[in-house]
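Shown next, in structure tokens, is the structure this report addresses.
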Amino acid sequence: MLNHKRSVAVVTDGTSDLPSDIAQAKNITVIPLNVRFGDQTYQAPGDLTADEFFRKLQESRALPTTSQPSVGASVEAYSRLCQTHEAIVSVHISSKLSGTCGSAQMASQDLRDRCRVEVVDSLSATMGLGFLAMVAADAANEGKNADEVVAAVHKAMTRLRILLFVETLEYLQKGGRIGKAQAFLGSLLNLKPLLSLSGGEIVPVEKVRTRGRAIERLSETAREQGPIERLSVVYSTTPEDVEAFLAKIGDVVPRDQVIVAQYGPAIGTHIGPGAMGAVLLLK
């Protein structure tokens, strides 16, 4: 009997903030994380839109918590894909920020007799992870094998830059994801910290005084990174800031080639309302 299985399936997780239309178009499977408000648990993405989440976040007395997908949820997704594919490349949020990679590794062991699953620690998050999943999907859709898809992801990781500013460090601190940006605490009287995600963790870049200046420095710092192949702008609750940012950087990447995304609940829990970032894949 002829084997009609396709070569490689691509999986990522809900911290990628990948717009659903892109995930569908590129056949990327997104495994949700869990976001818990009190005794109520939501799957993200899935159960709450980003706007609904941020509304709940601002109304809630206690901060929500996040947890990685269960091993069972990953096994279920992999099992389904094993029926139609020869291998799976599963690209996930930085292991320094979440246990999601660990869950994926454990799930991959359950499938080892049925299907090859390669788990990649992206050392990234939000649309940085989204871009890496897109790179993997493009390679898979070109007919590349699992090793070639993984190699394409590792190569793209070296060209990835993630910059962001937050309205307050409170959410990163309380969620335990503040990393080296801890150095900014205590000196932030109404300052907007400009941060980057580097080596898989949050690191401080500089402190700026106003939101307008934060947008300006975000665009200037993005330009300084080098020629940009792909750009995504990601926001929490202020879509108007996206337009202000693009007005400053629109000559670098054509507007119709920019992916505008919204931080989903899994990332939003840790960066809070009012955050905005630029994700660059350099040429």
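The values are calculated or read from the model by the stated rules, or taken from the named source; none is laboratory data. The structure displayed is predicted, hence computed values, not measured ones. In this analysis, Cβ positions are derived from the backbone assuming ideal geometry, glycine residues included, and neighbour counts consider all displayed protein chains.
None of A73, A25, A62, A77 is of a type in the set (A, V, I, L, M, F, W, C), exposed (fewer than 14 other Cβ atoms within 10 Å of the Cβ) and assigned by TED's automatic domain parsing to the domain that holds G128 except A25. Pairs are defined by a Cβ separation below 7 Å, a sequence spacing of at least 6 or placement on different chains, a first member in the range 67-80 that is under 13 Å from C101 (Cα atoms), and a second member that is hydroxyl-bearing (S, T, Y) and surrounded by 14 or more Cβ atoms within 10 Å (Cβ to Cβ); the pairs so defined are Q68/S98; Q68/T100; Q68/S103; P69/T100; P69/S103; S70/S103; V71/S103; S74/S103. Applying the criterion of at least 3 residues that are at pLDDT below 75 and not assigned by TED's automatic domain parsing to the domain that holds S103 to the helices (runs of 4 or more DSSP H) found wholly in the range 119-204 leaves 170-174. Kindly indicate the residue of the range 84-125 that is more than 22 Å from A156 (Cα to Cα) and touching a residue at least 60 places away in the same chain (Cβ under 8 Å) and also surrounded by the fewest Cβ atoms within 10 Å (Cβ to Cβ) among those meeting that condition. The qualifying residue surrounded by the fewest Cβ atoms within 10 Å (Cβ to Cβ) is T84.
Quick one: count up the residues across the range 29-61 that are among the aliphatic types (A, V, I, L, M) and under 21 Å from G102 (Cβ atoms). Spell out how you get there, then give the answer.
Initial filter on the range 29-61 (among the aliphatic types (A, V, I, L, M)): 30-31, 33, 35, 44, 48, 50, 57.
Imposing the further condition that a residue be under 21 Å from G102 (Cβ atoms) reduces the set to 30-31, 33, 35, 44.
Residues flagged as among the aliphatic types (A, V, I, L, M) and under 21 Å from G102 (Cβ atoms) within the range 29-61 amount to 5.
Among the residues of the range 36-63, those that are within 25 Å of V117 (Cβ to Cβ) and touching a residue at least 60 places away in the same chain (Cβ under 8 Å) comprise A44, P45.
How many of the residues in the range 228-249 are surrounded by fewer than 19 Cβ atoms within 10 Å (Cβ to Cβ), touching a residue at least 40 places away in the same chain (Cβ under 8 Å) and closer than 25 Å to H270 by Cβ? The number of residues fulfilling the criteria is 0.
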